[in-house]
Each structure stands twice: as structure tokens, then as C-alpha cells.
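Mind having a look at this structure? Questions to follow.
The values are calculated or read from the model by the stated rules, or taken from the named source; none is laboratory data. Computed from a prediction, not measured in an experiment: that's the story for all the values here. Positions of Cβ are generated from backbone atoms using ideal geometry, with glycine treated the same way; all protein chains shown enter the neighbour counts. All accessible areas refer to the heavy atoms of the entire protein, side chains included, with ligands and DNA or RNA removed. Shrake-Rupley method; radii C 1.70, N 1.55, O 1.52, S 1.80 Å.
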Amino acid sequence: MTPVGRRRWLMFKANRRGWYSLWLFGALFGLSLGAEFIANDRPIAFAQGGEWRFPVFFTYTERELGGKLETEADYRDPYVMALIEADGWMLWPIVRYAHDTIDWDLEPPYPSPPSARHWLGTDGLSADNFAILLYGFRLSVLFGLSLTLISALIGVAVGALQGYLGGLTDLIGQRVVEIWAGLPILFVLIILSSLVEPSFFWLLGALALFSWMALVGVVRAEFLRARNFEFVLAARALGVRELTIMRRHVLPNAMVATLTYLPFILNGAITTLTALDFLGFGLPLESPSLGRLLSQAKMNLHAPWIGLAAFATLATMLTLLIFIGEAVRDAFDPRRAVAGGSQAVAAALPGGAGG
Amino acid sequence: MAEPFLSVRDLWVRFGAIDAVRGASFDVGQGETVALVGESGSGKSVSALSALQLLPYPRASHPRGSVRIGGREMIGAHAALLRAVRGGEVSMIFQEPMTSLNPLHSVARQIGETLITHRRMTRKAARRRTLELLERVHLNDAEQRLNAYPHELSGGQRQRVMIAMALANEPRLLIADEPTTALDVTIQARILALLRELQTEMGMGLLLISHDLGIVRQMADRLYVMTGGEIVESGSRQQVFEQPRHAYTQRLLAAEPSGAPVPAQPAAETLLRLKEFNVSYAQGKGWLGRRRQRPAVRNLDLDVAAGQTLGVVGESGSGKTTLGLGLLRLIRSQGAIEFRGRALHERKGSALVAERRHLQIVFQDPFGSLSPRLSVQRIVEEGLRVHEPGMTPAQRAARVGEALQEVGLEPEHMERYPHEFSGGQRQRICIARALALRPEFLVLDEPTSALDRTVQAQIVDLLRALQARHGLTYLFISHDLNVVRALAHHLVVMKDGEIVEQGRAEAVFNAPRTQYTRELMAAAGLRPVGVK
């Protein structure tokens, strides 16, 4: 790691709240990435007749296990269980339900309250809430991260070009952004969703069409300010290419502003996805969704465990991300890097003059 | 003997864990001018601000000491008393006339406001009194200026408005914090004369805070020398200037840039030649209309001899910086630029980039000219990455270390960031960046004006040493003739984009031909030798 990177890393670590939030979020996200090993309706592995099989990774038909049907084995079927356990054993995940597993054995009425069988109860379709939250968390974070990355790339590029080139480019670019920002985004998304059956990537693209604008303003302002700085002139005098100047001298100055926005964009992306799901214009029905769980909670007000669980998950996720974002932002600020009082004093003096 | 109007005793100012002022004591009586002298960071502004309790409390605190104004204790005084003293009995003017005035209010309103609040005057009376004040500070066309906004005024005019504002309530003490630092040299002299005139007329005390010994020598009856938060010497002007007792004062007085330029080669060839050189800026654009051009440099012909320094002097706005940027092709220009006989003005793209390694620039502001987010190594090696793409990182680091050593910095400091260095050190980094490519020609755009006196002298010494060692050619731009005299072989005096006087440096200094040059020299405290 370069000394710069090391110092930033140390700065980040010095921020206790951000540092613990990162660990907690990392642990949660890591766990959710392995959701199939934690909550699944098939065993992680089973041995049958001395042969190991891994249903998490591979699909086996019932016939392969010695049954009759050509379809995929349903491991929760007592018949299939008996087939395997007759000559071997199964390693089950902690929770024996995936997000889309319907527990037919449960007594109505659905949703059923938390129990030893369903830790956080079930939703209106008798699917396990814990499994939905686990898979939904993973999907939300992945969606949010992808959307943030895409919007940051587009936004920074557009803002940088506008600010650095200025003049007519800037004038036209700003007007386009203004018109584009004037579109009623939610309605456009609803109309688009009614035309096309949205998938993960389709939704990602649709949201990226609008979310890139958040960064254009700040990045443009930073570039506009910095393009006439003396260090930019000095670099030009050294013969450095314009693109390199933009990247090396101006972009880092815009990065703090950008990073300040990123956690909000990430949170915004997750919230938008949740909102669309809640309204029923989001991801396809078979995908796990925090938003749809919330809408289930709204329809089943007599089952508060659904709403509480979904709320707690969303709140935790969004709060942790903000804390991490704050710590990253501070770590990238070189003026905070010197943990000395003299800086604070200099800032405290009127006009920053030391006398 | 009666107590002086302002009496500060054993004053301490603490910010967090740092004592910015340690046991300062000073007095200002009626009708006398007292100067607090020191370099930046010496605590002189903080001392003055604590007299009016204007520090950011509670972040700042006074562990000990007393400040008495007109016999009343100010530290811990009631807010009502402080308000009555501030702007009433004691007024203050600040360094930066640009930011000290509210840009949204007209001149009449800025001044009238204090009259209306402090004196309960009617609007009409306030306006009359404002006009009187503006006339008193010799603002031209005072009547028309009443409705002007700050951006319509020049720096000197703004400072006059500031002074008028400070005088509105006929204060008994005026605190002037570097009142002329941000102004042009010729305007400086006029503002100082105005302050002196007003002071004798109104009999107020004047507490002048300055780093500029030239100004203090002209103005002060008594002075206090501050360094590191302590007052190390005090006494009458004569005492301190003629028999400085403390080592620091002696150093400060000896720090005037001095010495002669490096002896020049007698028959030096011409390194750089400008012919009919013009630079103009676009100024506004009407609907469908053509851009109006405002010329900043007009029809300049100039020869720079190899291994020598050409000093370019003039007020701000005279086009000297524009000239420097233009001849490096950093801004658009017309006319011929010949470097070693090669037509620089015809070069484009990579051919121009290839030439850049021979011509470098050092800027005025050591804070603004270094990327705050790059380490010193990255900053200094930037040119090498462009012009020596074949170099390995180790070779580059070696060259960076060499360049840093050359300018008197430790090569170990390579990994640090600009904000960890003082102004003088940063300027050394800027010079190292320019030197890393081993150029032949350097444009030095006021490289010393943002620095403290003692540091200025060091930078001048460094530049001279580098020139002697490497035979560098300098184009040295400055408004400070003291510095120019210590470096330049030839001199060009610019005004409004044109050369008004040029020649060998000694010749110009000994017998300036134009009034303008004489004014510039007077402002720097220089007197032509040949003219009595």
C-alpha cells in the first residue's frame, strides 16, 4: 500500500463508529452472500450409499436418488428424506427454508407468528420471514452497490467534462441535466414497468438513467473551481496531458465531495428499490424483496412481526452504510489527517491569518 | 501618570492546548502610533483581536492577563459593554478589503448602518455624515460613490471605505491589522499617508499590526516586536531600528533582501526573444455581438539574455503575470516567441510539450500551486513522468531527492503532503518541481511576495545560488523592487501592458527616467542614487 493509502486506512480505523460499522456490515453482508448455506430448502450436502452429493450447487432429480419422478427432488418431502436416510445422512442448513419455500405443513391462519420453527414468523404466503430478510438483504445491497457504481461513473465523467471544459459544453450539459432531472422519475419507472416485466438488470438500468445526476453538480463545481488553480497551470507548464491533469490534479479534489454523496446515493438506491417493490413495480415475484415484505406487513397489520423485522433490517442496513460512508469521507480529507491542534487553531483565527 | 487608553498586561491566549500568546504586555496612548511587528504566526493579530474580545470563544481562552480600555476591564466584560466599545470607542480595519465589506450593500448603507445603530441618527442625517466621512478619507467622487457596491470599487477605494466606516463613530483608538498588505505598492503609500493625516487630525491612538518593517519605520512612534507569542523587544522607533537588542529583531532587520545579482557573463547570447507580443482577454459578449478584447500585454519586444535575470516590475494589472503565462504558452497570445532561435509560437501538440521541459514556472502562492492531495514526491516527479517515460521509479525517486536537496529540503520529506510544510518550504517544493526537469529558463512570478521577510531573503539567496550553479535564466516578476534589485541584471518596468522603461538594472535604479518608476521605488523605500 502507498503511504497515502496507509494513512487513509489508519484514519478510517481511527473512526471507531465507522470501523465497527464496517465490521458489522461486512459480517452481515458476508453471511448473506452465503445465504444458501444458512437458509435453504435443500441440504448443503448428503451422503447416500457412500456417495457425497451437494444439492446447494447441483440439481438432482428424484430418480437419481432412487425415487420415481423425473423432476427435481424435494428434499423436504418425507418420501425423499426417507430415501436418503435409508442409506446415509443429510447436512441441513440452520434454517430449512429458502425465501420462496412455502411451508405447507403449517396450520392456517397465515401469516403465523414467530416460533421455534419460523424464528421471525412467516408472511402471508407462509414463507419464512428470516429467509426472506436474509436473501432480500443480499439482493438490496448488491443492487445498491451496482447502481451506486454506475451512477458514480457516469455522474463523475459528465460533471468532470462539463466543469473542466466549461463554456458551451457546460451550458448545454447543464440544460440537458436540468430537463432530464425534471422528468417525474417514479411515473416513468411505473410506466416502464407496465411495459416490460422488470428483471434485476432491467431495473438497474432504468434507475441508473436517473440517479447519475446527483453527482454532476458537485463534481462540476469542483472542476470549475479547480481548473484555473495554479497547480493545474503548473502541471500544464510541465507538459502534462489534459486528461492526466483532470485525473491526477482535479479529480482527487472532487473525490471528497463525491465520496460524501456516495453513501447517500447507495442508501437512496436501496430505498428506491424497496419503494418500487412495495408498490409492486419492482423485482419479479420470485425474487426476495424487503419492499414486498413491507407491503405484506401493511396488508397484515395484525401480524406486527413482519413489519418489525423488515423495518429493523432496513434501518440497520441504512444506518451502518451511512456510518461507513462518513468515516470514508473523513479519511480522504487530508486536512484532518494531521491530528494536530495547530490546524484547529489556524482555522479558528479570523481570516485564517496567524497574525 | 494616567493610564494609557489601551493597556494590555500579561495577556495569554490559549487555543485548545496551544498558547498562541504568552504574557504579552503593551500600551497605546491617545494620539500615538504603536506597531506590533512580527511574522505570520507570531500572535500579533490574536493579541489585537483579544483587545476587543473578538476571538472565537470559548475555543479561545485567556488563562491569565488583563486588557483595559479606558480604564475598564475587557476580559469577561458584559456583552453590552463590549458592544459599546467595539465600533464606538475602538474601531478596527482589516487586511482584506475585498471580504471585509458586505458585497450586497451599497457604500452608503454599510457606513450608515453603524451611525444609525450606534448614534440613533435618522437616515437622512446618516447619509449626510457618510458623505462627509467619504470626503474626509479622500474618496474621489464621493457623492457618486455613495450608491456604489464594493465590487465597483478598486482595492484602494475599498480600503478607504473601510477606514471611513471605522471612523464613523470617531473612535479614540483605531486598530489596523495589516491595512495595506493586500494593496498595490503605490496605493499603500497613499493609504498610509491618509491614516497618518486622520490620526493627527482626530487625535486617536493607532495600533498598527504589520509584518512590513518598511511601513512600521514610516509610521510608528513606538513598536513591539513579537515572535512565537511573546513580545521580545519594545521601544521607540529609533531605539529598535538603530540599536536592536534582541537577536530576533536583529535577524528581522537584517532580513531585507540584499546582495547583488550573480555576476553575469559579459557576452551572453539571447535565450528568449519576444517580438510584437500581444495577449488579450475576452471581455464579455453581447447578444450576437463579437467578443470585445481587452489587451493585457501590448506589442512587446523583449530579449532575455542566457544565464541572466530579467526583472519585470509594475503594479498589479500592469500585465506582468500575463506576460509570464503568455510566453510559456499557457494562455493564448499573438506574436513571436523565439527560444534558442526556435519558434515556440508555432509549436503545437507534442512538439510544444517537448519544449516545455526547458521552460518552467514558479508561482506566487505557495499554497495554491501545489496539489493538496499529492505527496511531495508525486508533485516533483510529475514532469519526469511526462518527459522521461523511460525512467524507473527508483531513478525518478533519486532525481526527486536530488531536486529537493538542491532547494534545501530533506529528501526524506518526499512522502509528506504540502500542508505539512511552511510557506517558505512550499515555495522550495515549487522550485524543486520546476528544477526536476533541469530547465534552462524559469519564470518566477512573484515567488517571494506571499512569504515572511526572513523567508523572502532565504528564497532570494536560494534562487541566486541556483542561478550561479546551473547558469539558469530567470524572468523575475515582482512588484517589490527590493527583491528585484537583489536578483535582476536587466529591468523592465511595465504599466498597462506596455513597457515604460527598460535597461540595465543598476542604470534604472540609479537614474529612473519615469515618474512611475520613481513611485514604485519610493514605495519600496528605495531612493535613486543619482538623483538628489
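Determine the residues within the stretch A:199-242 where the difference in accessible area between the chain on its own and the full set of protein chains amounts to at least 20 Å²; count protein heavy atoms only and use a 1.4 Å probe.
Listed by number, the residues meeting the 20 Å² cut-off are A:GLU230, A:PHE231, A:LEU233, A:ALA234, A:ARG236, A:ALA237, A:LEU238, A:GLY239, A:VAL240.
Tell me which chymotrypsin sites (Phe, Trp or Tyr not before Pro) from the stretch A:45-102 have a DSSP coil assignment and no more than 10 other beta carbons within 10 Å of their own.
A:PHE57, A:PHE58
Using a 10 Å cut-off on Cβ to Cβ distances, tally the other chain neighbours for every residue of B:364-372 and report the average as a whole number. Mind dumping the intermediate values first?
Numbers: counts 1, 3, 1, 2, 7, 7, 4, 13, 7.
Per-residue shielding by partner chains comes out at 5.
Taking the Kirkwood radius as the inverse of the mean 1/r across Cα pairs, report the Rg/Rh of the stretch A:128-220.
1.09
Under the definition of partner shielding as Cβ atoms of other protein chains within 10 Å of a residue Cβ, what is the mean value for peptide B:16-22?
Taking the mean over all residues of the peptide, I get 3.
Here's a follow-up. What accessible area per residue comes out for the stretch A:91-249, rounded to a whole number of Å², with a 1.4 Å probe?
Details: 7520 Å² over 159 residues.
On a per-residue basis, 47 Å².
Something else: Could you give the nm distance between label points at B:MET202 and A:PHE54, where each point is 7 Å from its Cα heading toward the beta carbon?
8.7 nm
Jot down the radius of gyration and Dmax of chain A, Cα atoms only, both in angstrom.
Expressed in Å, the Cα Rg and Dmax of chain A come to 26.2, 91.
Determine, for the protein assembly as shown, the count of lysine pairs separated by eight or more sequence positions (or lying on different chains) whose alpha-carbon distance falls under 27 Å. Before the final figure, lay out the partial values.
On the way: B:LYS275/B:LYS320; B:LYS275/B:LYS348; B:LYS275/B:LYS495; B:LYS285/B:LYS320; B:LYS285/B:LYS495; B:LYS320/B:LYS348; B:LYS320/B:LYS495; B:LYS495/B:LYS532.
Lysine pairs satisfying the spacing and distance rule in the protein assembly as shown number 8.
Counting only protein heavy atoms and using a 1.4 Å probe, what share of the accessible area of chain B belongs to carbon plus sulfur, as a whole percent?
So the carbon and sulfur contribution to the accessible surface is 48 percent.
Further, regarding this structure: Filter the trypsin sites (Lys or Arg not before Pro) in the stretch A:61-144 to those in DSSP coil with at most 11 other Cβ atoms within 10 Å of their Cβ, and list the result.
A:LYS68
Can you run the Rg to Rh ratio on the stretch B:1-43? Use alpha carbon positions and the Kirkwood inverse-distance Rh.
1.05
Please work out the Cα convex hull volume for the stretch B:57-115 and give it in Å³ per residue. The partial results should precede the final answer.
On the way: hull volume 7.9 nm³, N = 59.
Spelled out: Cα convex hull of the stretch B:57-115, divided by residues, is 133 Å³.
Still on this structure: Using a Förster distance of 22 Å, how high is the FRET efficiency between A:TRP180 and A:LEU153, based on the Cβ-Cβ distance and rounded to 0.05?
0.85
Calculate what fraction, in whole %, of the accessible area of chain A sits on carbon and sulfur atoms when a 1.4 Å probe is rolled over the protein chains.
69 percent
Can I ask one more? Against the empirical 2.2 N^0.38 Å scaling, what ratio does the C-alpha Rg of chain B come to?
The value comes to 1.07.
If I model the stretch A:46-185 as equal point scatterers sitting on the Cα atoms and use the Debye formula, what is log10 I(q)/I(0) at q = 0.16 Å⁻¹?
With no solvent term, the Cα-only Debye profile gives -0.95.
Counting Lys and Arg as +1 and Asp and Glu as -1, what is the net charge of the other residues whose Cβ lies under 14 Å from the Cβ of A:LEU285? Can you show the working numbers first?
Values: positive: A:ARG292; negative: A:ASP100, A:ASP123, A:GLU197, A:ASP277, A:GLU286.
Around A:LEU285, the charge tally is -4.
Also, I was wondering about something else. How many angstrom lie between the C-alpha centres of the stretch B:29-78 and the stretch A:143-182?
50 Å
Return the loop-located trypsin sites (Lys or Arg not before Pro) in the stretch A:187-293 (DSSP other than H, G, I, E, B) with at most 10 other Cβ atoms within 10 Å of their own Cβ; answer none if there are none.
none
Next question. What is the mean number of Cβ atoms from other protein chains located within 10 Å of the Cβ atom of each residue in peptide B:425-434, rounded to a whole number? Please report the intermediate quantities before stating the final value.
On the way: counts 0, 0, 0, 0, 0, 3, 0, 0, 5, 3.
For this peptide, the per-residue mean of nearby foreign Cβ atoms is 1.
Then there's this: How long, wide and thick is the stretch B:192-282, going by the Cα atoms along their three principal axes, in whole angstroms, largest first?
55, 40, 24
State the dimensionless ratio Rg/Rh of the stretch B:291-399 (Rg: radius of gyration of Cα atoms; Rh: Kirkwood radius). Before the final figure, lay out the partial values.
On the way: Rg = 16.6 Å, Rh = 16.6 Å.
A ratio of 1.00.
Where does the Debye-calculated log10 I(q)/I(0) of the protein assembly as shown sit at q = 0.06 Å⁻¹, using only Cα point scatterers of equal weight, no solvent?
One equal scatterer on each Cα of the protein assembly as shown leads to -0.60.
Just the number, please: buried accessible area between B and A, total of both chains, 1.4 angstrom probe, nearest 100 square angstrom.
3200 Å²
Using Cα centres only, tell me the gap between the stretch A:16-38 and the stretch A:61-79 in whole Å.
About 35 Å separates the Cα centre of the stretch A:16-38 from the one of the stretch A:61-79.
Just how far, in whole angstrom, is the stretch B:199-222 from the stretch B:428-454 if you go by their alpha carbon centroids?
33 Å
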